[in-house]
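*Asks:* Just passing along the structure, written as structure tokens.
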Amino acid sequence: MSQTPIRPEFQVHMLNDSGKTQATQIAEVLSEALNKLEALVGPGRELVIVKTKLEEACFFAKRGMASKPDNQQRQNSCEHCDGDAPAGKRFCSDACRIADLPSA
Ligand SMILES: [Zn+2]
């Protein structure tokens, strides 16, 4: 697999419990808005556009929320150096993983 650096526009953030709760709240707010708008607007092309725009709103609202460090899962410390290891990983890099192997 290629090792293209991930640009900030496409960065993936793992949510912590607070982030997951807020993601649900965003979904609830937009569900309530869509429920009301469906009843007010009625079926047709305009309602389809309303749904699409609310889906966009949901994406950007969640992305904005997920970009706050307070809502992100904390990273682990690398077991070999003082670096940050990705959530669920013991080492920050393959180099640290290999360096940590017991010598035979
Ligand atoms: Zn390391």
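*Asks:* Could you check region 58-98 and list, in sequence order, the residues that are more than 16 Å from the ligand (Cβ to nearest atom), surrounded by 15 or more Cβ atoms within 10 Å (Cβ to Cβ) and part of a helix (DSSP H, G or I)?
*Replies:* Scanning region 58-98 gives Cys58, Ala61, Lys62, Met65, Ala66, Asn71.
*Asks:* Inspect all residues belonging to region 6-18 and state whether any of them is surrounded by 10 or more Cβ atoms within 10 Å (Cβ to Cβ) and part of a helix (DSSP H, G or I). Explain how you work it out, then say what you get.
*Replies:* At the first step, the residues of region 6-18 found to be surrounded by 10 or more Cβ atoms within 10 Å (Cβ to Cβ) are 11, 13-16, 18.
Next, from what is left, pick out any that are part of a helix (DSSP H, G or I): 18.
Taking every residue of region 6-18 in turn, at least one turns out to be surrounded by 10 or more Cβ atoms within 10 Å (Cβ to Cβ) and part of a helix (DSSP H, G or I).
*Asks:* A further question on this structure: Being touching a residue at least 12 places away in the same chain (Cβ under 8 Å) and either among the β-branched types (Val, Ile, Thr) or assigned by TED's automatic domain parsing to the domain that holds Gly88 (or both) narrows it down to one residue among Ile49, Ile26; which is it? So that I can check it myself, show each step before the final result.
*Replies:* Details: Ile49 fails: touching a residue at least 12 places away in the same chain (Cβ under 8 Å).
Selected residue: Ile26, the only one of Ile49, Ile26 that is touching a residue at least 12 places away in the same chain (Cβ under 8 Å) and either among the β-branched types (Val, Ile, Thr) or assigned by TED's automatic domain parsing to the domain that holds Gly88 (or both).
*Asks:* Does Leu37 satisfy the criteria of being touching an Asp or Glu at 6+ places or on another chain (Cβ under 9 Å) and more than 21 Å from Pro86 (Cβ to Cβ)? So that I can check it myself, show each step before the final result.
*Replies:* Working: touching an Asp or Glu at 6+ places or on another chain (Cβ under 9 Å): no; more than 21 Å from Pro86 (Cβ to Cβ): yes.
No, not satisfied.
The values are calculated or read from the model by the stated rules, or taken from the named source; none is laboratory data. Given the structure is predicted, the values throughout are model-derived calculations rather than measurements. Don't worry about glycine lacking a Cβ; one is built from the backbone with ideal geometry, like all the others, and counts go over all protein chains shown.
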